[in-house]
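These notes concern the structure reproduced below.
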Amino acid sequence: MKSYLIKGVSVVGGKPADLLIRDGVVAGGGGKADETIDAAGLVALPGLVDLHTHLREPGREDAETVETGSRAAALGGYTAVFAMANTSPVADTAGVVEQVWRLGREAGLVDVQPIGAVTVGLAGKQLAELGAMATSAAGVRIFSDDGHCVADPRLMRRALEYVKAFDGIIAQHAEEPRLTEGAQMHEGEVSTRLGLTGWPAVAEEAIIARDVLLAEHVGSRLHVCHVSTAGSVEVLRQAKARGVRVTAEVTPHHLLLTDELAASYDPVYKVNPPLRTAADVQALRQALVDGVIDIVATDHAPHAVEDKECEWAYARPGMVGLETALPVVLSVLGEKWELIAERMSRTPARIAGLTGHGTDLAVGSPANLTLVDPSARRVVDPAELASRSRNTPYAGTTLPGRIVATFLRGEPTVLDGKAVK
Ligand code: DOR
Ligand code: ZN
């Protein structure tokens, strides 16, 4: 294994220093190395951790594979991603989660941690084999029916009770299905103008309110996926003030884009939950700064061309996000490196109980890190994405920051902005 001397790097925005990486760990503040990287002007962050990635394998390898998604993640500065369970077959058994986990290890570009389904086939009728997934080689700790809401309150309660025994987490896609039947976009002025069926904010807020009460009752851990409304922020704020064990994520796109974009009828802007209003965007940004929202998670949702480049009503919801997440967050928050490290690396790792990620880049720490050039600007070109899908809402947009290098346990996965393998 080669050693690397990263010269003159600003660690999480601090004063320039040298960082020696040897034998998989941060070995010191200087010394001899096989390779030297001139990192003047670059910022080192602990490797980013994404709690919400769709990798599409098994089943839709035409849209993404564990390997292509892992490469996209590494290029985005990530060293660990959590793979959602809505694959085909669904990751609702020990066999499927072990398969995803093994494919992640084989790709070797980021640590891929499978999320298990809460219910069999994501059908919301019967609990999946949570215990078998937890004790499998994949060691699943987070369960989610993401893409679908666990709408049945009794099943949700049972799931929370079940995972409590091993301090597991239920990650909820909060969407009251009866309130979103036929929904195409956020319910509001724009949906009225366009004549599209609306997805009301209350469909999210009602489920979060219910679930924080259930989590409080059971004394178990709830994680709320892709929070998208100002009202949800208020429900979370109150629950946290009461001491409920709830954490929450926001996506980069909900921090930047609004429902006005639907007026183009370009399905690249169709996503679930939908893009909301400018007031919601403001509330989400503030909640991320305050800590009411704990983390940024991408909800990277690759889709094949035929599933996305069609009429709005038929298009699948979702956007790719791994390769643009940090630039989008930089454009929203500015160069608040401590906050970015907290919300995109340390806290997601802590929520997931993922050791070895999200640690300070101190001597002896696993060398999971990424180097960012904050002064660079990049025009997003979908053709240049490593993801197998092209459904980015940022095509042609100029975003700040370029990921120059990423290291996974001391081995570069990205160098000079390019994937190493
Ligand atoms: O936009 C979305 N896409 N939201 C989800 O909840 C699921 C995801 C997907 O799997 O494509
Ligand atoms: Zn979801």
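Values in this text are rule-based calculations from the coordinates and carry no lab data. What you see is a predicted model, and the numbers here were worked out from it, not measured in a lab. With ideal geometry, Cβ positions are generated from the backbone for all residues, glycine too; neighbour counts draw on all protein chains shown.
Classify segment 1-126 as rounded, prolate or oblate from the Cα gyration tensor: take a ≥ b ≥ c as the square roots of its eigenvalues, call it rounded if a/c is under 1.5, otherwise prolate when a/b beats b/c and oblate if not.
Numbers: a/c = 3.16, a/b = 2.70, b/c = 1.17.
Since a/c reaches 1.5 and a/b is larger than b/c, the shape of segment 1-126 is classed as prolate.
Principal axis extents of the Cα atoms in segment 245-349, from largest to smallest and rounded to whole angstrom, are 41, 30, 27. Note on segment 286-402: Kirkwood hydrodynamic radius from all Cα pairs is 16.0 Å, rounded to one decimal.
Size descriptors for the chain: radius of gyration and Dmax over Cα atoms are 20.4, 65 Å. Per Stokes-Einstein, at 20 °C and 1.002 mPa s, what whole-number D in µm² s⁻¹ belongs to segment 82-170, with the Kirkwood radius over Cα pairs as the hydrodynamic radius? Calculated translational D: 169 µm²/s.
Across the options 261, 274, 284, the greatest Cα extent toward the positive end of the charge dipole of segment 236-285 (unit charges at beta carbon of Lys, Arg, Asp, Glu) belongs to 284. Using alpha carbons only, how many degrees (0 to 90, rounded to 10) separate the axis of helix 201-218 from the longest principal axis of the chain? Approximately 80 degrees, to the nearest 10.
Using Cα positions and a limit of under 23 Å, work out the lysines in reach of residue 336, with same-chain residues fewer than 8 apart set aside. Filter leaves 7, 15.
Tally Lys and Arg at +1 and Asp and Glu at -1 over the other residues with C-beta under 9 Å from the C-beta of residue 321: what net charge comes out? List each step's numbers first, then the result.
Numbers: positive: none; negative: 50, 299, 323.
Combined, the nearby Lys, Arg, Asp and Glu give -3.
Multiplying the residue separation of residue 242 and residue 416 by 0.36 nm and removing their Cα-Cα distance gives an extension gain of 57.9 nm. Normalised by the number of residues in segment 301-421, the average gap of Cα pairs under 8 Å and 6 or more apart makes the relative contact order 26 percent.
Considering only 206, 172, 153, and ranking their Cα positions along the charge dipole of segment 143-209 that arises from unit charges at the beta-carbon of Lys, Arg, Asp and Glu, the one farthest toward the positive end is 153.
Computed from the C-beta positions of residue 154 and residue 132 and an R0 of 35 Å, the FRET efficiency is 0.95 to the nearest 0.05.
Between segment 314-353 and segment 211-290, the C-alpha centres lie 14 angstrom from each other.
Near residue 249: Cβ cut-off under 12 Å, other residues only, Lys/Arg at +1 and Asp/Glu at -1. The net charge is -3.
On the basis of the beta-carbon distance and an R0 of 45 Å, residue 363 and residue 88 show a calculated FRET efficiency of 0.50. Helix 66-75 and the long axis of the chain differ in direction by around 60°, with both axes built from C-alpha atoms.
How much of the DSSP bridge set in the chain is antiparallel, in percent, rounded to the nearest 5? Each step should come with its number before you reach the end.
Working: 27 of 58 bridges.
Looking only at bridges with both residues in the chain, the antiparallel portion is about 45 percent.
Between 93, 42, 325, the Cα set farthest toward the positive side of the dipole of the chain (charges on each charged residue's Cβ, about the Cα centre) is that of 42.
About its Cα centre, what dipole magnitude does segment 264-311 give when the only charges are +1 on Lys and Arg Cβ and -1 on Asp and Glu Cβ, stated in debye to the nearest 20? Write out the running numbers ahead of the final one.
Numbers: 4 positive and 9 negative charges, 42 e Å.
Magnitude of the dipole: close to 200 debye.
Distance between the 7 Å Cα→Cβ label points at residue 338 and residue 62: 5.0 nm. Placing dummy labels 7 Å off each Cα toward the beta-carbon, the span from residue 355 to residue 34 is 2.7 nm. Suppose every K and R has +1 on its Cβ and every D and E has -1 on its Cβ; what is the size of the dipole of the chain about the Cα centre, in Debye to the nearest 20? In total the dipole reaches around 860 debye. Compared with the dominant principal axis of the Cα atoms in the chain, helix 230-241 is inclined by about 70°. For segment 273-278, putting each phi into the Karplus relation 6.51 cos²θ - 1.76 cosθ + 1.60 with θ = phi - 60° gives couplings of x, x, 4, 10, 8, 4 Hz, in residue order, rounded to whole numbers and with x for Gly and Pro.
Amide H contacts under 5 Å for residue 404: 371, 372, 373, restricted to partners 5 or more places along the chain or on a different chain, H placed in the peptide plane at 1.01 Å from N. Based on Cα atoms of segment 1-63, Rg over Rh with Rh as the Kirkwood radius reads 1.20.
Which net charge results when you count Lys and Arg as +1 and Asp and Glu as -1 among the other residues whose beta-carbon is under 9 Å from that of residue 56?
Surrounding charge for residue 56 is -2.
How much length is gained if the chain between residue 125 and residue 102 is pulled fully straight, taking 0.36 nm per residue apart and subtracting their Cα-Cα distance, in nm to one decimal? Provide the component values of the computation, followed by the final result.
Values: separation 23, 0.36 × 23 = 8.28 nm, distance 2.86 nm.
Taking 0.36 nm per residue and subtracting the Cα distance, the gain is 5.4 nm.
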